[in-house]
Number of protein chains: 2
Amino acid sequence: MSQTLEQPHLDQLRNLCSTCSLSRLCVPMGLAEADVEQLDNIVQQGRPLRAGEHLFRADDPFNAIYAVRSGCFKSYIVDSEGHEQVLGFHLPGELLGLDAIYPEHHRCSAVALDTGSVCTLPYSQLTQLAARVPGLQSQIFRLLSKDISNYVELAADHTADERLAGFLLSLSARFRRRGYSATRFRLIMPRRDIANYLRLATETISRVLARFQHNGLIQVERRDVELLDLDGLRRTAGSLHIESLS
Amino acid sequence: MSQTLEQPHLDQLRNLCSTCSLSRLCVPMGLAEADVEQLDNIVQQGRPLRAGEHLFRADDPFNAIYAVRSGCFKSYIVDSEGHEQVLGFHLPGELLGLDAIYPEHHRCSAVALDTGSVCTLPYSQLTQLAARVPGLQSQIFRLLSKDISNYVELAADHTADERLAGFLLSLSARFRRRGYSATRFRLIMPRRDIANYLRLATETISRVLARFQHNGLIQVERRDVELLDLDGLRRTAGSLHIESLS
DNA sequence: CGCTATTTTGAGCCGCGTCAATACGGGTGG
DNA sequence: CCACCCGTATTGACGCGGCTCAAAATAGCG
């Protein structure tokens, strides 16, 4: 809307998968260089979103899937009683909107937790390209399959300690792959969202974090955490420390 | 192994998607007739499995996805402490093994709950065909996306009553689509598996079923159930009565 | 410096799990 | 046909993990 004439051009330049540092963990992962250039032709960049702005909402028509470019997004559903249910937190290189393919409309909403931007992949163009580029087709299959595994983890039956330790380890691995510290990072999301995501109460998050700190597993100050004992956290997480979640 | 020479030929004939009554809710759903015939060329039929026999096990190499042809299958994972976690029950027309695409090996095991058979779709042939048949590619995207929604439901935070009512309604809708009664059916799986799937204790299943019966919602006798008050069950299920689960 | 949202901490309680005993049913062999 | 056995299901007693309710502490912000 209020963009200058140069703006789209600059975005275009900045927005090439070919030159994107996230490409090794996003859609272009493993694709041949020539194939990535084909992707560049259909990827669109929107304006950055500020914290609290929605990327899409439940029941919106499904037109595209999104790849997080910067910032952190939260996806969630609101059930018939109005209760929010957080489905995931999405870091740069991760995808949003995959569950909308089948019903052809969005089932969940996606909102920016801080300032962030996404790449838009128009679905019809993406499927057409995937039919011509076998590597891309396989990659989309893989990404969809990976998403299933994420939800399987979430659906598993675990104690509060296991869930929270697994959550911290998951964030740790994901930050590490993105070039950030695996042991010191900031929890972008409020306690309330962590609790909701892990199907626990906010108070339980506070208490378990306090206990982890007391036991020397972590150092936590508001939203800044430092993981002091990764092995201890892994033992606490039990079966929830699967690296593939990153 | 011990098949006669005629056996494979007979299987081949019986096994055509083109003539399969399940095709409207399986992989061929919505495909053009010519495309379904292409599918016929790659679909393989294995011998029937008896109750307790495994279709695949966790860590098996991933070669194919499977479509249930008859019977009921259970998929589950076993965590590092040896605890079983049921991921789903799979009726005719439903798929198995989708979560194995990304890691290229099976993450869960699949076992027959009663005598049943599956169609085998070799993955490399399936992807090659999907690249040539746009409708098939879209259909696989849809099926993967649908699987995500199933696990989202499972991961949601619900009471024992909601979970069990939602489970009964899900079975009801799935049986109905397959031409069976939506109100009278047999629970193929033992209480223990239902409990594990719903992340509850076996005793809780018994108690809640007994209470549902006392409240006139259902009539239950061992594994035979009759749903007496569908609306009451829907109200009990709360947000877990989404038909798309079928 | 007050206002508000977030986080922490405490007290009490409840749903569901655990443990244990009993009932049921289907198969097997005499 | 019955006696026996064993896996499945039911029922009861009890305890605990995590939720609810309430209030205080802390941080961010105009």
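The values are calculated or read from the model by the stated rules, or taken from the named source; none is laboratory data. On a predicted model such as this, the values are computed, not experimentally measured, just so you know. Every residue, glycine as well, gets a Cβ built from its backbone with ideal geometry; the counts of neighbours run over all protein chains shown.
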Fill in the blank from the handout: Exception for A:Arg223 within (1) under 22 Å from A:His83 (Cα atoms); (2) in contact with a Pro (Cβ under 9 Å, 6 or more places away or on another chain) falls at (1)
Handout entry: Scope the stretch B:96-125; condition within 23 Å of B:Leu25 (Cα to Cα) and within 11 Å of another protein chain (Cβ to nearest Cβ); matching residues
Key = B:Gly97, B:Leu98, B:Asp99, B:Ala100, B:Ile101, B:Tyr123, B:Ser124
Exercise for the section: Tell me, please, whether a residue that is more than 12 Å from chain B (Cβ to nearest Cβ), within 14 Å of DNA strand C (Cβ to nearest atom), of a type in the set (S, T, N, Q) and assigned to a helix (DSSP H, G or I) can be found in the stretch A:167-176. Expected result: no
Practice task
Would you check if A:Leu200 is modelled with pLDDT of 95 or more, within 12 Å of chain B (Cβ to nearest Cβ), at negative phi and over 16 Å from the mean Cα position of the chain (by Cα)?
Solution key: yes
Completion exercise
Filtering the stretch B:185-200 down to residues that are assigned to a strand (DSSP E or B) and either within 9 Å of DNA strand D (Cβ to nearest atom) or closer than 11 Å to B:Leu168 by Cβ (or both) yields B:Phe185
Fill in the blank from the handout: Of (1) in a helix (DSSP H, G or I); (2) of a type in the set (D, E, K, R); (3) in contact (Cβ under 8 Å) with a residue 24 or more places away in the chain, B:Asp114 fails just (1)
Practice task
Assess whether B:Ile77 counts as being of a type in the set (A, V, I, L, M), in contact (Cβ under 8 Å) with a residue 24 or more places away in the chain and more than 9 Å from chain A (Cβ to nearest Cβ).
Solution key: no
Exercise for the section: Working only within the stretch A:201-226, note down all residues that are surrounded by fewer than 17 Cβ atoms within 10 Å (Cβ to Cβ) and in a strand (DSSP E or B). Expected result: A:Gln219, A:Glu221, A:Asp224, A:Glu226
Exercise for the section: Return yes or no: is B:Ala182 more than 16 Å from DNA strand D (Cβ to nearest atom), in contact with an Asp or Glu (Cβ under 8 Å, 6 or more places away or on another chain), under 25 Å from B:Ser75 (Cβ atoms) and not β-branched (Val, Ile, Thr)? Expected result: no
Exercise for the section: State all residues of the stretch A:69-107 that are closer than 19 Å to A:Arg192 by Cβ, in contact with a helix residue (DSSP H, G or I) (Cβ under 8 Å, 6 or more places away or on another chain) and β-branched (Val, Ile, Thr); if no residue qualifies, say none. Expected result: A:Ile77, A:Val86
Exercise for the section: Would you check which residues across the stretch B:185-227 are of a type in the set (A, V, I, L, M, F, W, C), more than 12 Å from DNA strand C (Cβ to nearest atom), in contact (Cβ under 8 Å) with a residue 24 or more places away in the chain and over 18 Å from B:Phe73 (Cβ atoms) and list them? Expected result: B:Leu209, B:Phe212, B:Leu217, B:Ile218, B:Val225, B:Leu227
Handout entry: Residues within the stretch A:70-87 that are surrounded by fewer than 20 Cβ atoms within 10 Å (Cβ to Cβ) and not β-branched (Val, Ile, Thr), tallied
Key = 9
Practice task
Answer yes or no: is there a residue in the stretch A:133-149 that is assigned to a helix (DSSP H, G or I) and under 24 Å from A:Arg235 (Cβ atoms).
Solution key: yes
Exercise for the section: Scan the stretch A:157-164 and give yes if some residue there is without any contact (Cβ under 8 Å) to a residue 40 or more places away in the chain, facing chain B (nearest Cβ under 7 Å) and surrounded by 20 or more Cβ atoms within 10 Å (Cβ to Cβ), otherwise no. Expected result: no
